[in-house]
There are 2 protein chains.
Amino acid sequence: MMKFRNFKMVDYVVYGRGCFNQLDEIIAPKRKEGAPMIFIIDHFFENNETFKARLPLKGNDKLLIADVTYEPKTSQVDQIADSLKKEFGTVSGIIGIGGGSVMDLAAAVALMMTNPGKAQDYQGWDLVKVPGVYKVGVPTISGTGAEVSRTCVLSGPERKLGMNSDFTPFDQIILDPELIKGVPTNQRFYTGMDCYIHCIESLEGTYLNAFSKSYGDKALELCRKVFLEKKEWDDESDEDLMMASYAGGMSIAYSQVGVAHAVSYGLAHVLGVKHGIGNCIVFNHLEEFYPEGVKEFHQMVKQANIDIPQNITKGLTEEQFDTMINVSLNMAPLWENALGKEWKTIMTKERLRKLYERL
Amino acid sequence: MMKFRNFKMVDYVVYGRGCFNQLDEIIAPKRKEGAPMIFIIDHFFENNETFKARLPLKGNDKLLIADVTYEPKTSQVDQIADSLKKEFGTVSGIIGIGGGSVMDLAAAVALMMTNPGKAQDYQGWDLVKVPGVYKVGVPTISGTGAEVSRTCVLSGPERKLGMNSDFTPFDQIILDPELIKGVPTNQRFYTGMDCYIHCIESLEGTYLNAFSKSYGDKALELCRKVFLEKKEWDDESDEDLMMASYAGGMSIAYSQVGVAHAVSYGLAHVLGVKHGIGNCIVFNHLEEFYPEGVKEFHQMVKQANIDIPQNITKGLTEEQFDTMINVSLNMAPLWENALGKEWKTIMTKERLRKLYERL
């Protein structure tokens, strides 16, 4: 195993206001005779005919609406890949247009078009053995960094874990700040805070190096600009948040998230809380680990006039608490990054239980 | 033609102190039976046996010492590629270890192993039609951003211009800050200033967007940290300068350099002045175009205790001045980025002549 990760980058990036209009031209050379391009879009756009009319569908291309009320499941990936194989044999490419869930779903489907077996077989590190079909990621909401990720997070029958491999990053990403203009304020905030929180976790973690620091610092600075310094949201805010998401994602190359993500995974497992809001619910109470970051987060919450849900673990059973605690403590690299090699002596089951009770 | 450039990224990046030790392991899967890996190293290392012993040469691998006293020529590229083809038929890959000139030379040789004709045929934009052989860039001096460039600058019989194409970026770059530790202070300064100057030019240019701005701001901040804020050079400075070079190179995706580079190209053509020092000689006198940047540059020069050469155009003939002016005014995109669409009315031959006389 190499000491320093050899980081696979996304192959092509196009950034610019209106660059989504270049999608047709960009994918044209990747079209193979008879094999369609598959567009997977967020159900948010289901009834948006204007947006759907902008998709460059041709011939036997297919549009799929992805319901991402819940985060993507391995079974959903298998179902889509199997039905595409049945209908077309092979496809020219998969284009995921939406938030982190849709992009992750699209990346996973692209991999499962060529890798045998089921998606759950590939949850882990470097289990994917052959490249998937051509895949494109188009964020329509910014913050998760899924557009430059080496993983695609999936809920499987046994675990919530990504297909983390060198074949996972997109062949192409299209970063058009115009596409994130219409995101509802709450959603924009929660997803933006995902970026803010993972930057704090990575910058204060023990795994950091200069590469990740430079990206993390930049993402943090842009988050501060849009969520604190500027009092009104404008087009420039969309541009900056889109870059924050990209830089935040890149910063994960040589770092790791920390306490908020580890605790939030437990919440997601037991209560189905979505990633962005889950991180906010947890980070809201993490003064003891990230005092400066949490203070600044509270200012951002106040300025955006958002109510972070409280008391969501009230009335949970002992068994549910135990499950949350076990899921969370299983995220060893996150805890080690946050608290150092001796993390087990610091974050005991009792302490974590008290933390969950406060949420 | 697309409105926004679809930017080809380097495929793999590894960053970390000591990661050069992973070179053997990284290139192993790319070795093809009987086809050697070719290591092209900077003549700076010619007598450094310790360094040469660290190169993972195997079987019929070959080590070439590149004399980069002058910047690489198309004829030099052809000569190396032709002799490799004659000796081996094909090679597994080209590994360029050195400064911007060596990395550019290695990238060009890799392309000429597979593209027919001569290197000069490919000086321009998107003329390269097929991928080259596998290529790796390893900077041992930081600032130019050549490690992430879409071009490789070459002097040809007719022009100094790169092979600018989607096939030009490296398949792999290895960013090990330990490798730039021994760079002589002068050289480190001039090459670092190449980064500083192209950031100022790009950030104050008319082509800028949020993608390039975020990288340019970061590179500038790191240059300020190492050349102004810190009073002593240490290991962290090497790490920061290496990231500044990378970020500065990335910022060129959606921007362009400006007056300093345009004027410096003329100097290089007539006097053979190297890129880094040439930019410094010119930027030193550009208060009228970049007042803040030049002021800060003067502080950096003072702090590093460097003498920037003066009066280098004294005694040049009319013909030499004319050539410099013509070469410089030929760099239309640089002037347009710096001065806007009406640049020709602003930068007249007379004004440029006066500027050259001051250098």
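The values are calculated or read from the model by the stated rules, or taken from the named source; none is laboratory data. Since the model is a prediction, treat every value here as computed from it, not as a measurement. Note that each Cβ is placed from the backbone with ideal geometry, even for glycine, and that neighbours are counted across all protein chains shown. The protein model used for the area step is the full one, side chains on, heavy atoms only, and it has no ligands, DNA or RNA in it. Shrake-Rupley method; radii C 1.70, N 1.55, O 1.52, S 1.80 Å.
Taking region B:245-266 as the range and being more than 13 Å from B:Ser202 (Cβ to Cβ) and within 13 Å of another protein chain (Cβ to nearest Cβ) as the test, the residues that pass are B:Ser245, B:Tyr246. Could you please let me know if B:Ala66 is away from chain A (no Cβ under 14 Å), of a type in the set (Gly, Ala, Ser) and buried (at least 18 other Cβ atoms within 10 Å of the Cβ)? For B:Ala66, the condition - away from chain A (no Cβ under 14 Å), of a type in the set (Gly, Ala, Ser) and buried (at least 18 other Cβ atoms within 10 Å of the Cβ) - is met. Of the set (1) within 25 Å of B:Val77 (Cβ to Cβ); (2) not in a loop (DSSP other than H, G, I, E, B), all apply to B:Gln22 but (1). Is it the case that A:Ser142 is out of contact with any helix residue (DSSP H, G or I) (no Cβ under 6 Å at 6 or more places or on another chain) and among the polar types (S, T, N, Q)? When the stated conditions are applied, A:Ser142 does not pass them.
For A:Leu57, the requirement of being away from chain B (no Cβ under 11 Å), at pLDDT 95 or above and farther than 27 Å from A:Arg150 by Cβ is met.
Within region B:102-109, can one find any residue that is touching a helix residue (DSSP H, G or I) at 6+ places or on another chain (Cβ under 6 Å) and farther than 29 Å from B:Phe20 by Cβ? No, that holds for no residue.
Listed here are the residues, each with its yes/no results for (1) of a type outside the set (Val, Ile, Thr); (2) farther than 28 Å from B:Tyr246 by Cβ; (3) surrounded by fewer than 23 Cβ atoms within 10 Å (Cβ to Cβ); (4) out of contact with any strand residue (DSSP E or B) (no Cβ under 8 Å at 6 or more places or on another chain).
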position	(1), (2), (3), (4)
A:Cys152	yes, no, no, no
A:Asn164	yes, no, yes, no
A:Ile173	no, no, no, no
A:Val183	no, yes, yes, yes
A:Arg188	yes, yes, no, yes
A:Ser202	yes, no, no, yes
A:Gly216	yes, no, no, yes
A:Ala219	yes, no, no, yes
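Residues in region A:204-214 that are surrounded by 24 or more Cβ atoms within 10 Å (Cβ to Cβ) and either aromatic (Phe, Trp, Tyr) or under 22 Å from A:Cys280 (Cβ atoms) (or both): A:Phe211 only.
Filtered by the rule that a residue be touching a Lys or Arg at 6+ places or on another chain (Cβ under 9 Å), within 13 Å of A:Ile173 (Cβ to Cβ) and either open to solvent by 10 Å² or more (accessible area, probe 1.4 Å) or not in a helix (DSSP H, G or I) (or both), region A:95-135 gives A:Ile95, A:Gly96, A:Tyr134. Of all the criteria given as (1) part of a loop (DSSP other than H, G, I, E, B); (2) away from chain B (no Cβ under 14 Å), the one not satisfied by A:Met2 is (2).
Annotation: of all residues in region B:6-26 being open to solvent by 50 Å² or more (accessible area, probe 1.4 Å) and within 7 Å of chain A (Cβ to nearest Cβ), the one that is nearest to A:Arg17 (Cα to Cα) is B:Tyr12. Helices (runs of 4 or more DSSP H) fully within region B:283-346 that include at least 3 residues being buried (at least 16 other Cβ atoms within 10 Å of the Cβ), more than 22 Å from the chain's Cα centre (by Cα) and at pLDDT 95 or above: B:318-329.
The residues on offer are A:Val183, A:Val153, A:Val136, and the sole one that is of a type in the set (Val, Ile, Thr) and within 14 Å of chain B (Cβ to nearest Cβ) is A:Val136. In the set (1) out of contact with any Leu (no Cβ under 6 Å at 6 or more places or on another chain); (2) over 19 Å from B:Gly278 (Cβ atoms), B:Leu359 fails one condition alone, (2).
Of the residues making up region B:269-282, those that are in contact with a helix residue (DSSP H, G or I) (Cβ under 9 Å, 6 or more places away or on another chain) and open to solvent by 20 Å² or more (accessible area, probe 1.4 Å) are B:His269, B:Val270, B:Leu271, B:Val273, B:Lys274, B:His275, B:Ile277. Being touching a Pro at 6+ places or on another chain (Cβ under 8 Å) and farther than 22 Å from A:Gln187 by Cα is a condition met by at least one residue of region A:252-269. Being hydroxyl-bearing (Ser, Thr, Tyr) and touching a residue at least 40 places away in the same chain (Cβ under 8 Å) is a description that applies to A:Tyr246.
Among the residues of region A:53-102, those identified as among the charged types (D, E, K, R) and farther than 23 Å from A:Thr191 by Cα are A:Arg54, A:Lys58, A:Asp61, A:Lys62, A:Asp78, A:Asp82, A:Lys85, A:Lys86, A:Glu87.
Taking residues in region B:211-240 that are more than 10 Å from chain A (Cβ to nearest Cβ), and partners anywhere that are outside any helix (DSSP H, G or I), the pairs with Cβ atoms closer than 7 Å and at least 6 places apart or on different chains are B:Gly216/B:Ser255; B:Ser237/B:Lys230.
When the residues of region B:43-54 are filtered to those that are open to solvent by 20 Å² or more (accessible area, probe 1.4 Å) and not in a loop (DSSP other than H, G, I, E, B), the one that is farthest from the other protein chains (Cβ to nearest Cβ) is B:His43.
Conditions (1) of a type outside the set (Lys, Arg); (2) within 14 Å of chain A (Cβ to nearest Cβ); (3) touching a strand residue (DSSP E or B) at 6+ places or on another chain (Cβ under 6 Å), marked per residue:
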{"position": "B:Lys30", "(1), (2), (3)": "no, yes, yes"}
{"position": "B:Glu33", "(1), (2), (3)": "yes, no, no"}
{"position": "B:Ile41", "(1), (2), (3)": "yes, no, yes"}
{"position": "B:Gln76", "(1), (2), (3)": "yes, no, no"}
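A:Ala244 passes every criterion in (1) open to solvent by 20 Å² or more (accessible area, probe 1.4 Å); (2) in contact with a helix residue (DSSP H, G or I) (Cβ under 8 Å, 6 or more places away or on another chain); (3) closer than 30 Å to B:Gly16 by Cβ apart from (1). Against the list (1) within 17 Å of B:Ile94 (Cβ to Cβ); (2) surrounded by 12 or more Cβ atoms within 10 Å (Cβ to Cβ), the condition B:Pro29 fails is (2).
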